[in-house]
Each structure stands twice: as C-alpha cells, then as structure tokens.
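Below is one structure, written out as structure tokens; the observations come after it.
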Amino acid sequence: MIGQIDAAILIGLSTVGGAFSKAIVCEMARKVERPIIFPLSNPTSKSEATAKDLIYWTDGRALVATGSPFAPVDYGGRKIPIAQCNNVYIFPAMGLGVVASRARRVTDAMMLAAARTLAGNSPALKDALASLLPPLTDLRRVAAEIAVAVGIAAQKDGVAAQVTDDDLHERVMAAQWTPAYPSYCS
C-alpha cells in the first residue's frame with residue numbers, strides 16, 4: 001500500500017529508470033488536478049518515467065518536463081509537447097546578466113529573478129496544453145530578458161553599480177554572443 005501522497009510536484013534525479021511507478025503517479029494524479037512531474041535523469045534509459053506513461057497515467061493532466069529529449073505525446077486527439085528541462089535557459093542568461101551588470105557575486109535574489117522571468121515566459125501560462133518552457137527559437141529573447149532581470153536584482157542587492165534599465169538592456173544586448181560564422185565556400 002502506498003502511503004499518504006499530498007505533493008503536487010515529483011522531481012526525479014535518481015538515474016533509476018522507472019522509479020516513478022504507475023501506482024505512485026496515479027495516486028498523485030488522484031489527489032491533485034495538475035501534477036507536475038519532472039523525470040530529469042539522463043540518459044533516456046535512466047529516466048524515472050517516460051513522458052508517454054506520465055501523460056497516460058494522469059489522463060493527460062500532468063505538466064511534464066524531462067531531462068532527456070522525448071517526442072510529443074499523442075493523447076485524446078491532441079499532441080502534448082514535452083519540454084526538455086535543462087540549464088539552457090537559466091545558466092547562460094545568469095552569466096550574461098552578471099557580465100552585463102558587472103555584479104561582484106551572485107545572490108539568491110538574482111537566481112530567483114532568473115527563475116521568475118523564465119516562468120513568466122512559459123507558454124503554459126497562456127495555454128494549459130502548451131509546453132512548460134519557451135521554444136528554443138525564443139532562446140535569445142528570453143535569455144536577454146532573464147539577464148536584465150538578473151542585473152536589476154544585482155543592483156537591488158548592492159552587488160552591482162546602479163545604471164538605468166535602458167543602459168542595462170544595452171549592456172546585455174552588447175554582451176550577448178551571436179553565433180555567426182564566416183562562409184568559406186563560394
């Protein structure tokens with residue numbers, strides 16, 4: 001018998017493939033309207049559950065993000081996108097914000113500003129069936145927005161000199177790397 005489960009979030013970092021059993025996930029889904037389940041272990045063979053199982057076991061209600069890439073899941077006549085939840089959004093944008101603001105160190109408030117800004121860009125806020133994370137096509141825009149928020153938090157925490165928001169934005173845009181390569185073929 002499974003003990004009392006009241007949690008709305010299940011995060012897997014165990015590298016134990018299948019650790020999120022059907023019984024555990026179904027019990028969680030019975031108790032919460034929108035279970036949040038993140039099997040983050042890599043590679044795919046070590047993922048705590050598959051995205052497809054999580055969607056089916058929760059009758060399509062789970063908000064799923066994985067550490068390994070998973071294809072969208074077809075359920076109930078709709079295609080549910082599965083976000084790959086890794087550090088591609090937060091850490092590069094944190095670095096950009098630190099460099100642009102010239103912060104002397106990273107504070108908890110700066111990390112929280114980054115997380116809140118990323119959360120504010122979630123497509124799932126506008127469409128419950130959408131992906132948890134923004135598409136990679138929005139990566140540069142979202143990273144710049146996170147970096148500005150990090151810089152503002154650094155100023156508020158006194159670890160970066162005060163500049164206007166416009167100046168900070170200009171610094172972020174100037175420091176953001178653009179992947180451009182010369183063409184050697186005619």
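Descriptive notes on the structure:
Residue-by-condition table, conditions (1) within 13 Å of Gly67 (Cβ to Cβ); (2) touching a strand residue (DSSP E or B) at 6+ places or on another chain (Cβ under 6 Å); (3) of a type in the set (D, E, K, R); (4) modelled with pLDDT of 90 or more:
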| site | (1), (2), (3), (4) |
| --- | --- |
| Gly18 | no, no, no, yes |
| Lys22 | no, no, yes, yes |
| Cys26 | no, no, no, yes |
| Arg30 | no, no, yes, yes |
| Phe38 | yes, yes, no, yes |
| Asn42 | yes, no, no, no |
| Ser45 | yes, no, no, yes |
| Glu48 | yes, yes, yes, yes |
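- Within the range 123-141, the set of residues being outside any loop (DSSP other than H, G, I, E, B) and in contact with a Leu (Cβ under 7 Å, 6 or more places away or on another chain) comprises Ala124 only.
- Ser122 open to solvent by less than 20 Å² (accessible area, probe 1.4 Å), touching a residue at least 12 places away in the same chain (Cβ under 8 Å) and within 29 Å of Lys79 (Cα to Cα): yes
- When Glu48, Glu33 are checked against the criterion of being under 19 Å from Ala130 (Cβ atoms) and of a type outside the set (A, V, I, L, M), a single residue qualifies: Glu33.
- Considered as a group, the residues in the range 72-101 that are under 20 Å from Ser122 (Cβ atoms) and assigned to a loop (DSSP other than H, G, I, E, B) include one that is least open to solvent (accessible area, probe 1.4 Å), and that residue is Tyr89.
- Residues that are assigned to a helix (DSSP H, G or I) and open to solvent by less than 70 Å² (accessible area, probe 1.4 Å) within the range 53-71 comprise Asp53, Leu54, Ile55, Trp57, listed in sequence order.
- Output for the range 135-164, where each listed residue is farther than 19 Å from Val106 by Cα and open to solvent by 80 Å² or more (accessible area, probe 1.4 Å): Leu136, Thr137, Arg140, Arg141
The values are calculated or read from the model by the stated rules, or taken from the named source; none is laboratory data. All values derive from a computational prediction rather than experimental measurement. Note: ideal-geometry Cβ built from the backbone for every residue, glycine included; neighbour counts use all protein chains shown. Each accessible area value is taken on the protein alone, full model and side chains, heavy atoms only, with ligands, DNA and RNA left out. Shrake-Rupley method; radii C 1.70, N 1.55, O 1.52, S 1.80 Å.
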